[in-house]
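J.: To start, I am sharing the structure in question, which I have written as structure tokens.
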Amino acid sequence: MLTHLHIKNFKAWKDTGPIRLAPLTVIFGANSAGKSSLGHLLLALQQTARSTDRKRVLNLGDSSSMIDLGTFADCLHGHDLGQTMEFELGWKLNRPLDIRDPLVTTARYQGDQMQLIVELVAGKLDQPEMQAMSYALKKGGRCVLDVSMRRDNKRKFTLSSEHYSFKMADGRKWPLEEPEKFYRLSDTTAARFKNAGFMADFALATESLLDSLSYLGPLRDHPRRIYPWSGDTPPSVGQRGEDAVRAILAAENEGRKLNRQAGFHKKGFAEFIAAWLKDLGVIHDFSVEPVAPGRKEYEVLVKTHEKAPEVKITDVGFGVSQVLPALVQVFYCPPHSTVWMEQPEIHLHPQVQAELADVFISATQARENGKERHVQLIVESHSEHFLNRLQRRVAEGSVKPEDVAVYFCRRAGSATELEPLSLNMFGEIENWPEHFFGDEMADIAGRTLAAMKRKRELSQQGDAR
């Protein structure tokens, strides 16, 4: 699970400042303020990690990629190629790392948290190149092992540590190679040392983190009358929710059972999703059925109320098909996943927007086959109703304040600022930003004054008659 994010000189962000990421993190803000670019950077890091090109430091994407960030100049704040782009990731490991120095039998380094800091600059043909990369393995917030790889004034790389003594292999002291991608030593560089093998563990931990990230965008596919499924298991519902029905069928086929939190009854995946749809108030009943025995085509059938006929999802309100991918993804993703989601409340009635907060709280607390899932949600939203319900649940004790992080994103000249909102145990935001959801009092006052003026005009017209 991601615990920390800090970005400098990326798109609208001159400096985000340190961002604490909780199990449920919600980011509010005006349109075009830069909220989405936070997630876009993480997606670019993910597609870089998954790329087969080890020499490419940062895969900015193209028209066929999950994310396309354009050129490196497009990514830099103010399009200034003289700037250094920097990002820092902090995360909890699914399993603690136990590092040993093969040359010193008593040297042992154990930790359950990782930190990665990367600095990128414009190189040849204005492509991004590595300036520095540093890792820290931590336990209880304290660094137990650090590694730094940095390019010096002669453009040569050096490897150093304050906690570890690297020993060069015997023979000629060859210069170190460029790092691979943005997070790993090349095999050749690792072989130049007698005791640098553990760096592969750091790279694997980074790949595991990025592989656990999934994304659901604000624009989702229209519902279909027929959904094909041949028995495959999609990795997610897709960034447009196009694989939501396939994900339901795959989860059912695997016999996955979930409960909302400890003490609740377990339910099969499809039944579990149907129960949430019913609680949200968007349908009364929901099922996914084959169009005929032995066929690989399926249809989604819903009933809007108890006495309503069963119809296809295409024949009911658009909101059902739009909220379905959000529901499926937060419970379908593997344990220890991070889900980044934009505007899950789109096309939903205000009451359903509020209920969606309960779904997401449950997603961070849900259990599967008797075990906690430890899923993290990072949500970009414009919904005041969502926030109100979240505040209420904190006040009621359904979710701890430390398990929630709320931010307000605002434009400040050419840059963007991210303000952390202080949510106390009573569900109160102690530093409510000005114009958070518009200027409500100004609208009320303006409406009242306009009504008074209008009444005077009508009265004067009556007197004139």
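J.: Which of the residues belonging to region 395-411 are closer than 17 Å to I27 by Cα and either open to solvent by less than 60 Å² (accessible area, probe 1.4 Å) or touching a Lys or Arg at 6+ places or on another chain (Cβ under 6 Å) (or both)?
T.: First, pick out the residues of region 395-411 that are closer than 17 Å to I27 by Cα: 401-411.
P401, D403, V404, A405, V406, Y407, F408, C409 - these are the residues of region 395-411 that are closer than 17 Å to I27 by Cα and either open to solvent by less than 60 Å² (accessible area, probe 1.4 Å) or touching a Lys or Arg at 6+ places or on another chain (Cβ under 6 Å) (or both).
J.: State which residue pairs qualify: first residue within 14 Å of M341 (Cβ to Cβ) and open to solvent by less than 30 Å² (accessible area, probe 1.4 Å) and inside region 377-392, second residue of a type in the set (D, E, K, R) and part of a strand (DSSP E or B) in any location, beta carbons under 9 Å apart, and separation of 6 or more residues or different chains.
T.: Taking only residues 6 or more apart or on different chains, the pairs are V379/E342; E380/E342; S381/E342.
J.: Assuming P334 fulfils every condition listed in (1) within 16 Å of the chain's Cα centre (by Cα); (2) open to solvent by less than 30 Å² (accessible area, probe 1.4 Å) apart from one, which condition is it?
T.: (2)
J.: Based on what the data block shows, is L120 assigned to a loop (DSSP other than H, G, I, E, B) and either over 22 Å from F202 (Cβ atoms) or not charged (D, E, K, R) (or both)?
T.: Taking the combined requirement at face value, the residue does not satisfy it.
J.: Does S36 count as open to solvent by 30 Å² or more (accessible area, probe 1.4 Å), of a type in the set (G, A, S) and touching a residue at least 24 places away in the same chain (Cβ under 8 Å)?
T.: yes
J.: Next question. Across region 135-165, what is the number of residues that are surrounded by 12 or more Cβ atoms within 10 Å (Cβ to Cβ), under 32 Å from the mean Cα position of the chain (by Cα) and not in a strand (DSSP E or B)?
T.: Looking only at that region, the number is 1.
J.: Could you go through region 237-257 and let me know if any residue there is small (G, A, S), within 25 Å of W276 (Cα to Cα) and open to solvent by 30 Å² or more (accessible area, probe 1.4 Å).
T.: yes
J.: Pairs, please: C-beta under 7 Å, at least 6 apart or cross-chain, first residue under 22 Å from L204 (Cα atoms) and part of a loop (DSSP other than H, G, I, E, B) and in region 44-69, second open to solvent by 70 Å² or more (accessible area, probe 1.4 Å) and among the basic types (K, R)?
T.: none
J.: In region 4-13, how many are surrounded by 18 or more Cβ atoms within 10 Å (Cβ to Cβ) and touching a strand residue (DSSP E or B) at 6+ places or on another chain (Cβ under 7 Å)?
T.: Total satisfying the criteria: 6.
The values are calculated or read from the model by the stated rules, or taken from the named source; none is laboratory data. Note that the coordinates shown come from a computational prediction; the quantities given were computed from them, not determined experimentally. Counting neighbours? That spans all protein chains shown, and the Cβs are built from the backbone with ideal geometry, glycine included. The accessibility values were calculated without ligands, DNA or RNA, using every heavy atom of the protein model including side chains. Shrake-Rupley method; radii C 1.70, N 1.55, O 1.52, S 1.80 Å.
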